[in-house]
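Participant: Here it is, the structure in full.
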There are 2 protein chains.
Amino acid sequence: MFQLSEKEAAYLDKVGSVINYPKGQIIFSAGQKSNEVYLIKSGLVKIYRTAGDGRQVSVAIRYPGEFIGLAEVLSDYSEREYSAEAMDNVSVLIIWQDAFKKLISDFPDFSSKLLKLMCDRLRESQNTIYDFIMNPTQGRLALVLLTMAERAGHEEKEGMMKVNLRVTQEELACVIGSSRQTVSSLLNLFKEDGSLVYEGREIVGIDVNQLRTWIQDS
Amino acid sequence: MFQLSEKEAAYLDKVGSVINYPKGQIIFSAGQKSNEVYLIKSGLVKIYRTAGDGRQVSVAIRYPGEFIGLAEVLSDYSEREYSAEAMDNVSVLIIWQDAFKKLISDFPDFSSKLLKLMCDRLRESQNTIYDFIMNPTQGRLALVLLTMAERAGHEEKEGMMKVNLRVTQEELACVIGSSRQTVSSLLNLFKEDGSLVYEGREIVGIDVNQLRTWIQDS
DNA sequence: ATTTTACTGTCGCAAAGATGACAGTAATCT
DNA sequence: AGATTACTGTCATCTTTGCGACAGTAAAAT
């Protein structure tokens, strides 16, 4: 996927500043002016919007190494469309618009890499739509957990991912468009059949193959 | 939204060739090599994938003036991820990869316009996810019809869009992830309350404000 | 260490919507 | 025009899942 070159990374480190957000802190809110982008150093970030009835709806989760707040800056859209919140203790590099645009113009490759990145995200997003239509709740939940395993974990042995996920059932429900209670039962099913390994309230292990059996088709 | 400059349009007309697809014809299929992009001159194009169980799932509908097959070419993804089918009699301009890439390198503005386009599409796609989570079936159906009114119709009087949509209930069901029967009842509700005006099996009028009352929140 | 808070488990009811069946109707074909 | 095909309307039934309620438990705060 997206990979910064050494020079690009060095430039970003130079012009950006590190900020830490504790779990639950809001990084930016929908409606705010968009003058900066962020590069996630560590932690998970939820991209969401709060509906009129107060319900939160997540449209994506971003992982270490990924940019957030990019779309608005690239398309000169002055206001944030979605909010971003730290799901963990999160460390980001904040880069102001001007510095970021300078990066685009100074590093010719970077711009085309960004274009590819947006294509990838579009594809990813379309796949999410596809999954929403094709999979009932358990499939969607399994898919989200699989993505978390892939992007925030590391393989321990064949098919067994070691992760450290303290994510509430409520949060998962917002991502898959379901209810807290349903997520609760499903997670227990997954736990019973060995797809998930818990330690207290933290998911520490994910058996990729086992979990995949809950997904329809594809 | 996306607007070609006169020079760009002229270039595309020169290097591209017009092809007509009758209703129902497949323009490209998932899994095929992706060596070309298309610019829709007229008609609606469904972007979809056929699931293992034979069910079709649409992730987007593209309208006149929009490109299709773009993401794969821009990100050098060699295979089509989704299929494209003419929902109407469709006329497209086909542009081969090389000519398209030449356009990108020869017209400096074009590339940044494409980047913005992909950002817009990402946003649109994320909004679709949001709508899926927030709205029950009737809301999703209303949203799709509204988009069709906006992009494929023209305003007749205040809030009343004149359209010519011959789209089957089955097709709508694939777009909103519902069943043919449910769409049938909903369309009748919409018709009864004046949101839609039919002529035979063709939707010819859409009352935007009335239809919007079916949508949750936002 | 105790209290408080936040999160989880589970149950029962209600609502939404999927599915199968079949009749009815518009559109198309010959 | 008549026949065929493709699409639509509607109903009865069955699943899924949402929601309220409340008890239980882990984690955090004091």
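A short reminder: the numbers here are calculations on the coordinates, not readings from a lab. All values derive from a computational prediction rather than experimental measurement. When we count neighbours, we look across all protein chains shown, and the Cβ atoms used for this are built from the backbone with ideal geometry, even at glycine.
Participant: With a cut-off of at most 16 other beta carbons within 10 Å, and DSSP calling the residue loop, which trypsin sites (Lys or Arg not before Pro) in segment B:5-83 qualify? Please list them.
Facilitator: Values: sites: B:K7, B:K14, B:K23, B:K33, B:K41, B:K46, B:R49, B:R55, B:R62, B:R80; in loops: B:K23, B:R55, B:R80.
The qualifying sites are B:K23, B:R55.
Participant: Defining the label point at 7 Å along Cα→Cβ, can you sort the distances from B:G31 to the same site in each other copy, shortest first, in nm?
Facilitator: Nearest to farthest, the other copies are at 4.9 nm.
Participant: Continuing with the same structure: Quick one: with label points 7 Å out along Cα→Cβ, list the inter-copy distances for A:T50 in nm, shortest first?
Facilitator: Reported distances to equivalent positions: 4.6 nm.
Participant: If the only charges are +1 at each Lys and Arg Cβ and -1 at each Asp and Glu Cβ, what is the size of the charge dipole of segment A:175-214 around the Cα centre, to the nearest 20 debye?
Facilitator: Charge dipole of segment A:175-214: 180 debye, to the nearest 20.
Participant: Could I ask something else about it? Label-to-label distances across copies for A:T213, with labels 7 Å out along Cα→Cβ, in nm, shortest first?
Facilitator: 5.1
Participant: Given only helices, namely DSSP H runs of n ≥ 4 each adding -39500 (n - 2.57), what is the per-residue ellipticity at 222 nm of chain B, to the nearest 500 deg cm²/dmol? Display every interim value, and only then the final one.
Facilitator: On the way: 8 runs with 94 residues, N = 218.
Value at 222 nm, helices only, nearest 500: -13500 deg cm²/dmol.
Participant: Also, quick follow-up: Could you tell me whether segment A:19-92 comes out rounded, prolate or oblate from its Cα gyration tensor? Rule is a ≥ b ≥ c as square roots of the eigenvalues, rounded for a/c under 1.5, then prolate if a/b exceeds b/c, otherwise oblate.
Facilitator: Values: a/c = 1.82, a/b = 1.10, b/c = 1.66.
Note, shape of segment A:19-92 comes out oblate.
Participant: Using the Cα centre of chain A as the reference point, and only Cβ charges (+1 on K/R, -1 on D/E), how large is the resulting charge dipole? Debye, rounded to the nearest 20.
Facilitator: 260
Participant: Moving on to the next point. Output the 0 to 90 degree angle, nearest 10, between the alpha-carbon long axis of helix B:180-192 and the longest principal axis computed from the alpha carbons of chain B.
Facilitator: 70
Participant: Oh, and also: Evaluate the distance, in nm, between pseudo-label points positioned 7 Å from the Cα of A:V15 and of B:K33 along their respective Cα→Cβ axes.
Facilitator: Once both label points are built, they end up 4.0 nm from each other.
Participant: Still on this structure: Rounded, prolate or oblate: which fits the protein assembly as shown when a ≥ b ≥ c are the square roots of the eigenvalues of the alpha-carbon gyration tensor, with rounded for a/c under 1.5 and prolate only if a/b beats b/c?
Facilitator: Working: a/c = 1.64, a/b = 1.19, b/c = 1.38.
Because a/c hits 1.5 or more and a/b fails to exceed b/c, the protein assembly as shown counts as oblate.
Participant: Contact order normalised by length for chain A, with contacts defined as Cα pairs under 8 Å and 6 or more residues apart; what percent is it? Let's see the in-between values first.
Facilitator: Working: 350 pairs, mean separation 43.4, N = 218.
The value is 20 percent.
Participant: Let me ask something additional. Can you work out ³J(HN,Hα) from phi for every residue in segment B:82-87, in order, using Karplus 6.51 cos²θ - 1.76 cosθ + 1.60 and θ = phi - 60°, giving whole Hz and x for Gly and Pro?
Facilitator: Ordered by residue, 3J(HN,Hα) equals 10, 9, 10, 9, 6, 8 Hz.
Participant: If I take R0 = 45 Å and measure r between the Cβ atoms of B:K191 and B:D106 in this structure, what FRET efficiency does the formula 1/(1 + (r/R0)^6) give, to the nearest 0.05?
Facilitator: 0.35
Participant: Mind putting a number on the dipole of the protein assembly as shown about its Cα centre? Charges go on the C-beta only, +1 for Lys and Arg and -1 for Asp and Glu, and I need it in Debye to the nearest 20.
Facilitator: Numbers: 50 positive and 60 negative charges, 0 e Å.
Taking the Cα centre of the protein assembly as shown as origin, the dipole is about 0 debye.
Participant: State the Cα centre-to-centre distance between segment B:156-218 and segment B:44-117 in whole Å.
Facilitator: Centre-to-centre distance over Cα atoms comes out at 26 Å.
Participant: What does the C-alpha gyration tensor say about the overall shape of chain A? Classify as rounded when a/c is under 1.5, otherwise prolate if a/b is larger than b/c, or oblate. Display every interim value, and only then the final one.
Facilitator: Details: a/c = 1.86, a/b = 1.63, b/c = 1.14.
Here chain A falls in the prolate category.
Participant: Listed here are the pairs A:K33/B:K41; A:K113/B:K14; A:K113/B:K102; B:K41/B:K102; which of them are more than 26 Å apart at the Cα?
Facilitator: As for pairs spanning more than 26 Å Cα to Cα, those are A:K33/B:K41; A:K113/B:K14.
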